[in-house]
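*Asks:* Handing you this structure, nothing more for now.
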Amino acid sequence: MTGIGRVLVVVYAVLALGATGRSLVQIIERFDHAPLAFTLSAASAIVYILATLALIFSRRPAWYRIAWVAISFELVGVLAIGTLSLARPDLFPEPTVWSFFGIGYVFIPLVLPFFGLWWLITHRPATADAASHRAVSAR
């Protein structure tokens, strides 16, 4: 993986670390204060970890599919939680990674899944049939 793909993986990895650290501290120190928000932060951390790994190994068809699922889930999550946090701020006495569309992370959680999906669309893994076709054509 090179270029934009590598940058994408690094950004996902940084968000995975940030979301994991944030959610662990929140859950350990004051889970009873905002259980929904802190559980959603932990869920976003898991999604970022999975998306990071899936992007790293996305040349393999199974990991490519996992990347699609993880990043699509991320997009739905940030849109749903962002909207819900605006409509019902009482549900979020503490912010989550995705609340207010990721304002605490400079809106990177809102923009990142669009880049991730774009990258997946433009970098499909080669199937066995396509690889064998290229090998035959090269002869």
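Nothing in this text is a laboratory measurement; each read-out follows from the coordinates by a stated rule. These numbers were taken from a predicted model, which means no experiment stands behind them. Counting neighbours? That spans all protein chains shown, and the Cβs are built from the backbone with ideal geometry, glycine included.
*Asks:* Being assigned to a helix (DSSP H, G or I) and in contact (Cβ under 8 Å) with a residue 40 or more places away in the chain is the filter here, so list the residues in the stretch 1-22 that pass it.
*Replies:* Start the filter on the stretch 1-22 by keeping residues that are assigned to a helix (DSSP H, G or I), which leaves 4-22.
Matches in the stretch 1-22: Ile4, Gly5, Leu8, Val9, Val11, Tyr12, Leu15, Gly18, Ala19, Arg22.
*Asks:* Which one is farthest from Leu120 (Cα to Cα) among residues in the stretch 33-62 that are in contact (Cβ under 8 Å) with a residue 60 or more places away in the chain and assigned to a helix (DSSP H, G or I)? Steps first, answer last, please.
*Replies:* Initially, the stretch 33-62 is screened for residues in contact (Cβ under 8 Å) with a residue 60 or more places away in the chain, giving 33-34, 37, 44, 51, 55, 58-61.
Narrowing the set further to residues that are assigned to a helix (DSSP H, G or I) leaves 33, 37, 44, 51, 55, 61.
Working: His33: 38, Ala37: 29, Ser44: 20, Ala51: 11, Leu55: 8, Pro61: 11 Å.
Restricting to residues being in contact (Cβ under 8 Å) with a residue 60 or more places away in the chain and assigned to a helix (DSSP H, G or I), the top hit is His33.
*Asks:* Among the candidates Ile46, Ile27, single out the residue that is touching a helix residue (DSSP H, G or I) at 6+ places or on another chain (Cβ under 9 Å) and within 17 Å of Pro109 (Cα to Cα). It would help to see each step written out before you state the result.
*Replies:* Numbers: Ile27 fails: within 17 Å of Pro109 (Cα to Cα).
Residue meeting the stated conditions: Ile46.
*Asks:* Further question on the same structure: Quick test of your reading of the structure: Ala34 fulfils all but one of (1) touching an Asp or Glu at 6+ places or on another chain (Cβ under 8 Å); (2) under 21 Å from Leu75 (Cβ atoms). Name the failing condition by number.
*Replies:* (2)
*Asks:* Determine the pairs where a residue that is within 15 Å of Ala37 (Cα to Cα), located within the stretch 101-118, has a partner that is of a type in the set (Gly, Ala, Ser) and assigned to a helix (DSSP H, G or I) with Cβ atoms under 7 Å apart, the partner being 6 or more residues away or on another chain.
*Replies:* Phe101/Gly82
Table: residues versus (1) out of contact with any Ser or Thr (no Cβ under 6 Å at 6 or more places or on another chain); (2) surrounded by 14 or more Cβ atoms within 10 Å (Cβ to Cβ).
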| site | (1), (2) |
| --- | --- |
| Ala16 | no, yes |
| Gly21 | yes, no |
| His33 | yes, no |
| Leu36 | yes, yes |
| Ala45 | no, yes |
| Ala62 | yes, no |
| Ala67 | no, yes |
| Val76 | yes, no |
| Pro95 | yes, yes |
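*Asks:* Could you please let me know if Ser72 is surrounded by fewer than 17 Cβ atoms within 10 Å (Cβ to Cβ), in contact (Cβ under 8 Å) with a residue 24 or more places away in the chain and small (Gly, Ala, Ser)? Talk me through it step by step, then tell me what you get.
*Replies:* Values: surrounded by fewer than 17 Cβ atoms within 10 Å (Cβ to Cβ): yes; in contact (Cβ under 8 Å) with a residue 24 or more places away in the chain: yes; small (Gly, Ala, Ser): yes.
Criteria met by Ser72.
*Asks:* Still on this structure: If you scan the stretch 66-123, which residues turn out to be part of a helix (DSSP H, G or I), among the charged types (D, E, K, R) and either in contact with a strand residue (DSSP E or B) (Cβ under 6 Å, 6 or more places away or on another chain) or over 19 Å from Ala51 (Cβ atoms) (or both)? Talk me through it step by step, then tell me what you get.
*Replies:* Within the stretch 66-123, the first condition is being part of a helix (DSSP H, G or I), and the residues that meet it are 66-87, 89-91, 99-101, 103-105, 108-122.
Among the residues that remain, those that are also among the charged types (D, E, K, R) are: 74, 90.
Matches in the stretch 66-123: Asp90 only.
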